[in-house]
Amino acid sequence: MDCKQGHFFRVGFFTTIFLMHCTANAQGINRKALVQRHAVHVDAMDSLASLTVGNGSFAFTVDATGMQTFPDYYANGVPLGTQSDWGWHSFPNLENNVLSSSQKQYALDGRMVSYTVQTKGDQQSEKASEYFRVNPHRLQLGNIGLELLKQDGSIAGLKDIVDINQVLDLYTGIITSKFKLEGIEVEVETSCHQQKDVLGFRIHSALISKKRLNVFIRLPYPNGQFKDAGNHYSHEANHQSRLMGTGKQYLIQHVLDTAQYHLQLVSSNIAKAENFAAHQFRMFPQSQTDSFSLVVGFNPGLQAKNITENVLSVRSNSIKGWHQFWHSGGAIDLAGSKDPRARELERRIVLSQYLTKLQCTSSNPPQETGLTYNSWFGKPHIEMHWWHAVHFAQWGRHDLMEKSLDWYFRSAEKARAIANRQGYKGMRWQKMTDNNGDETPSSVGAFLIWQQPHLIYMVEMLYRKNPTSKVLDKYKELVFATADFMADFPERDSKTGYYNLGKGLIPAQECFDPLTTFNPTYELAYWSWALQTAQQWRSRAGLKPNPQWQEVVQHLAPLPKANGVYLASESTPDCYTNPRYLADHPAVLGAYGMLPAVHAMDTAVMHNTLKLVQKTWSWNKTWGWDYPMMAMTASRLHLPEDAIDALLMPVQKNTYLKNGHNYQDGRLTIYLPGNGGLLSAVALMCTGGDLDTTKQPGFPSNGNWNVRWEVLYRSF
């Protein structure tokens, strides 16, 4: 193994080893062959097999026709979404709700602390909580599909579409869809521009010249629900749309309260367009040939943009953009492995790279269902930002991770206001939020704290890649303010002399009572690591160590343990016997999975903890990133068989669909933290942590795994 550029930094009372990217062998991986052998093939109308094109800030999901022809059928599967990072909407605040009405005071360790929660009992507070939980919400921007006419003039239905042969070429980001209607073939090619919210469609069929193929556009209204599949067509009077244009260019304007955006449609042939029903439009190709091409651009505001793209330039841009992506950063090739699970693992790895790139690389943290459909009203959860973004840096695509860090600058003053309202120093990062950093009422989210160190983790990865004053100067004030809150939040126990985390928190394992829980193992380890790293940033910036930070690190409560295992928290000694605590995330493993051994971590105790979790946990009550987290813990413990077993555990929450999405249940049919976690886990399984000298510690050396990898970066 060739590990390049080893760097060592000693700061104060601890040492960090900084290792740059490694490559497993000198012979390069044939990346095109690696990616293309996992092209997605669809041969039926499968509501869980919809496919997506996109660019990280905009995405368009299609059914087996290559467009959004049957949105209702797919609504309960993986919906046919059209979403952009800029597309947000709020219902009118007719009752003048204010966020402060949903804030409640709690007596914690001798101080009153205000949390923004879902209040009950008081009508005004309940209304405010509900309003700000729902608003703002991400918009489904519209359906673009085919209207296919049968010989008798009726509109073709789902069962009329036969001989489906659809392929997503991951290497180019282009979907080619073929099918037949009454014996006549239709071919649709779908692509997305990689810098603009612009789609390209190339359609070829004898149905065009027979006047039996049209294009429809439907503009839905937000449903205001946890999930919005983009097929809510009621409330017609609550929004306005307008069609303008003629010939080859049309403009559709859409106004929903204060949200405004438009679609521009540019066709290769003259087409007639009509507004045939409320917020529903139809384009009739006037071509005498069997080909029709259409470019559709989405933009905020009502003023038309100058679209210079045609369908060939969109196609070419997609090919160029995806080629650049696949030939940058890391790659893992498992070809030649004897273990029958290797091909499935490689498929998940490749598809997860595709999905996270097109769903999760805007200037904001993504929601857990990306740009496909709304979950939790389309709002990002900042505790999930680690799972969405860290893998990009591990795979040498630091620029894609850094894009979403812009959110922290825009949200900084609101994070400072939360800390100040609660009586703490620094900035307390929001949990459930929006692009503007506003709080969302949540009786769970308001008490979470494990999102707090994520910023320090991610910017430390940037500094490892580029240890310059430029990186320090850009992020140091955010790091210091983040650490200020972390040092001020713990309370010193007069009896033990330790600083306790809590009461007044819910750990990453969310089934705990915030008013009785204290000293969760994972959060203690993360707190210790982040405060030490923040001190390191002060040293790099030429500053003395912060005495309060050091005081807290040196006297932070020890990791709670009993009977040779780590506890989920000090306040739950029954966490392995009480069924209530054997569900949700086994977050205790994150203390030596997401993190290296810190805060007097005893790896033998963690080994016992992993084995107990494997034996006792309710795996049907977990989440998709729990399996990668367990694999990372096993990898750090040099238990490669356990790491592989965790990644490929045959349970529902660890299912990866044909399109690569991590399926959870009927409510969350896709779950991108699972995809991102998978990529983090396999990178760590290849590289090991900073102090690892074992080659590929997460893959068995039994001769059944042939693992080739390149340009992966260690993560501490």
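Just so it is clear, none of the values below were taken in a lab; they were calculated from the coordinates. Just so we're clear, the structure is a prediction, and the values are computed from it rather than from any experiment. Because the Cβ atoms are built from the backbone with ideal geometry, glycine has one as well, and the counts that use them run over all protein chains shown.
A few points about this structure:
- Estimated distance in nm for a label pair at ARG343 and SER443, the labels positioned 7 Å out from Cα along Cα-to-Cβ: 4.9 nm
- Remark on LEU146: its backbone amide H falls under 5 Å from those of GLN68, THR69, PHE216, a criterion applied only to residues 5 or more positions apart or on other chains, H modelled at 1.01 Å from N.
- Using C-alpha pairs below 8 Å separated by at least 6 residues, the relative contact order for the chain is 14 percent.
- For the stretch 605-689, the dipole from Cβ point charges (+1 on Lys and Arg, -1 on Asp and Glu) about the Cα centre works out to 180 debye, to the nearest 20.
- Using a simple spin-label model with pseudo-atoms 7 Å out from Cα toward Cβ, GLU187 and MET649 lie 4.6 nm apart.
- Zone of SER313's modelled label, taken as backbone nitrogen in the stretch 164-198 under 17 Å from a point 7 Å along Cα→Cβ: 191-198
- Here the alpha carbons of the stretch 386-448 define both size measures, Rg and Dmax, at 13.4, 40 Å.
- Calculated FRET value between ALA278 and VAL167, using beta carbons and R₀ = 30 Å, to 0.05: 0.25
- Taken one residue at a time, the phi angles of the stretch 651-668 give Karplus couplings (6.51, -1.76, 1.60, θ = phi - 60°) of 10, 4, 5, 10, 7, 10, 5, 4, 7, x, 6, 7, 7, 10, 6, x, 7, 10 Hz. Gly and Pro are set to x.
- Degrees separating the helix 454-465 axis from the principal Cα axis of the chain, which is the longest one: 90 degrees
- Extension gain (nm, one decimal) between THR616 and ARG410, 0.36 nm per residue minus Cα-Cα: 69.9 nm
- Peptide ranges 617-628, 685-696 listed from the most packed, as the mean C-beta count within 10 angstrom indicates: 617-628, 685-696
- Using 0.36 nm per residue and subtracting the Cα-Cα separation, the extra length available between LYS470 and SER328 on full extension is 48.8 nm.
- Short-range pairs are left out: with C-alpha atoms under 8 Å and at least six residues apart, the relative contact order of the stretch 511-566 is 43 percent.
- Percent RCO, i.e. relative contact order, over the stretch 483-528, from Cα pairs under 8 Å lying at least 6 residues apart: 28 percent
- On Cα atoms only, tilt of 123-134 relative to the major axis of the chain in degrees: 70 degrees
- Radius, Kirkwood style, for the stretch 78-144 when every pair of distinct Cα atoms is counted (Å): 14.2 Å
- Karplus-derived 3J(HN,Hα), 6.51/-1.76/1.60, for each residue of the stretch 316-327, Hz, glycine and proline x: 5, 5, 4, 4, 5, x, 6, 4, 4, 5, 5, 9
- Sites listed here are trypsin sites (Lys or Arg not before Pro) in the stretch 298-347 whose DSSP assignment is loop and whose Cβ has at most 13 other Cβ atoms within 10 Å: LYS338.
- Surface/4 estimate of mean projected area, convex hull on alpha-carbon atoms of the stretch 587-654, nm²: 4.1 nm²
- Cα-based helix-to-principal-axis angle, 406-422 vs the chain, degrees rounded to 10: 50 degrees
- Inter-label distance, ALA541 to LYS495: 3.8 nm, where each label sits 7 Å from its Cα along the C-beta direction.
- For the stretch 525-659, the pair-distance distribution built from all alpha carbon pairs, in bins 10 Å wide starting at 0, is 12, 37, 30, 16, 6, 0 percent.
- Within-10-Å neighbourhood charge of THR119 [Cβ basis; K, R +1; D, E -1]: 0
- A quarter of the convex hull surface defined by the alpha-carbon atoms of the chain gives 31.0 nm² as the mean projection.
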